[in-house]
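Structure first, then comments.
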Amino acid sequence: MATQIKYISFNNDKNIDELLYNIDQFEFRLKVLKIELKFCKFLIEANIFKPNVMNLFERLTTYDKKIDSYLNTIEDQLDDLTNHSNQIANKIECDNLDCDVFFIEKQDNLELRTYNLILELVEFKSLLVQYLQSTIKKI
């Protein structure tokens, strides 16, 4: 994966529904990646690999542990997104600029963290799939 798109926030002029929509989009993408990682974990644990692949067990174990770590990270990030989504209703009660800025900065930071996590997961998944492709037996 050569080119990465840089995250840019356009949240300053968004209303609450638009901010919540962004959160929903990130939650959806993380949930899809979680399902894909669980499937990769299933493949790793299956008896479908070519015989005599050098360091197969070690590499699969490393990938398996990394998947577990990512699954935990995804859960934590989903919790943060849900919490922010619940708190964002308080933005309605903001009657000053400082309050608005606080919510927008929090949203931006959360979106940036989630965006970077998604990029990292996509890169990891790509490497894993390439490795699995090279080691799984053809029937």
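The values are calculated or read from the model by the stated rules, or taken from the named source; none is laboratory data. It should be emphasised that the depicted structure is a prediction, and the values quoted were computed from it without experimental measurement. Positions of Cβ are generated from backbone atoms using ideal geometry, with glycine treated the same way; all protein chains shown enter the neighbour counts. Please note that ligands, DNA and RNA were not included when accessible areas were found on the heavy atoms of the full protein model with its side chains. Shrake-Rupley method; radii C 1.70, N 1.55, O 1.52, S 1.80 Å.
When you check F42 against the structure, is it farther than 17 Å from I74 by Cα, outside any loop (DSSP other than H, G, I, E, B) and open to solvent by 100 Å² or more (accessible area, probe 1.4 Å), yes or no?
In short, yes.
Right, Q130: assigned to a helix (DSSP H, G or I), out of contact with any strand residue (DSSP E or B) (no Cβ under 9 Å at 6 or more places or on another chain) and without any contact (Cβ under 8 Å) to a residue 24 or more places away in the chain or not? First the steps, then the outcome.
Numbers: assigned to a helix (DSSP H, G or I): yes; out of contact with any strand residue (DSSP E or B) (no Cβ under 9 Å at 6 or more places or on another chain): yes; without any contact (Cβ under 8 Å) to a residue 24 or more places away in the chain: yes.
Yes.
In a helix (DSSP H, G or I), at pLDDT 95 or above and surrounded by 14 or more Cβ atoms within 10 Å (Cβ to Cβ): which single residue out of I67, I35 fits that description?
So the residue among I67, I35 that is in a helix (DSSP H, G or I), at pLDDT 95 or above and surrounded by 14 or more Cβ atoms within 10 Å (Cβ to Cβ) is I67.
Pairs needed: first member in segment 41-63, over 19 Å from F124 (Cβ atoms); second member anywhere, basic (K, R); C-beta distance under 6 Å; at least 6 residues apart or different chains.
Qualifying pairs under 6 Å: I48/K137; K50/K137.
Among the residues of segment 109-127, which ones are of a type in the set (A, V, I, L, M) and either crowded, with 16+ Cβ neighbours inside 10 Å or without any contact (Cβ under 8 Å) to a residue 60 or more places away in the chain (or both)? Don't jump to the end; show me each part of the working.
Start the filter on segment 109-127 by keeping residues that are of a type in the set (A, V, I, L, M), which leaves 110, 112, 117-119, 121-122, 127.
Selection gives L110, L117, I118, L121, L127.
Output the number of the condition that F103 fails; it satisfies all remaining conditions of (1) among the aromatic types (F, W, Y); (2) within 30 Å of Q133 (Cα to Cα); (3) surrounded by 12 or more Cβ atoms within 10 Å (Cβ to Cβ).
For F103, the failing item is (2).
What is the one condition in (1) part of a helix (DSSP H, G or I); (2) touching a residue at least 60 places away in the same chain (Cβ under 8 Å); (3) open to solvent by 60 Å² or more (accessible area, probe 1.4 Å) that L30 does not satisfy?
That leaves (3) as the condition not met.
For the structure I just gave you, tell me whether Q87 is surrounded by fewer than 15 Cβ atoms within 10 Å (Cβ to Cβ), assigned to a helix (DSSP H, G or I) and at pLDDT below 90. Before you say what the answer is, go through the steps one by one.
On the way: surrounded by fewer than 15 Cβ atoms within 10 Å (Cβ to Cβ): yes; assigned to a helix (DSSP H, G or I): yes; at pLDDT below 90: yes.
So Q87 passes the test.
Determine which member of the set L81, L30, L20 is in contact with a Ser or Thr (Cβ under 8 Å, 6 or more places away or on another chain), modelled with pLDDT under 95 and closer than 20 Å to N109 by Cα.
Numbers: L81 fails: modelled with pLDDT under 95; L30 fails: modelled with pLDDT under 95.
L20 is the lone residue from the list that is in contact with a Ser or Thr (Cβ under 8 Å, 6 or more places away or on another chain), modelled with pLDDT under 95 and closer than 20 Å to N109 by Cα.
Could you please let me know if D13 is under 22 Å from V122 (Cα atoms) and charged (D, E, K, R)? Working first, answer last.
Numbers: under 22 Å from V122 (Cα atoms): no; charged (D, E, K, R): yes.
It is false that D13 is under 22 Å from V122 (Cα atoms) and charged (D, E, K, R).
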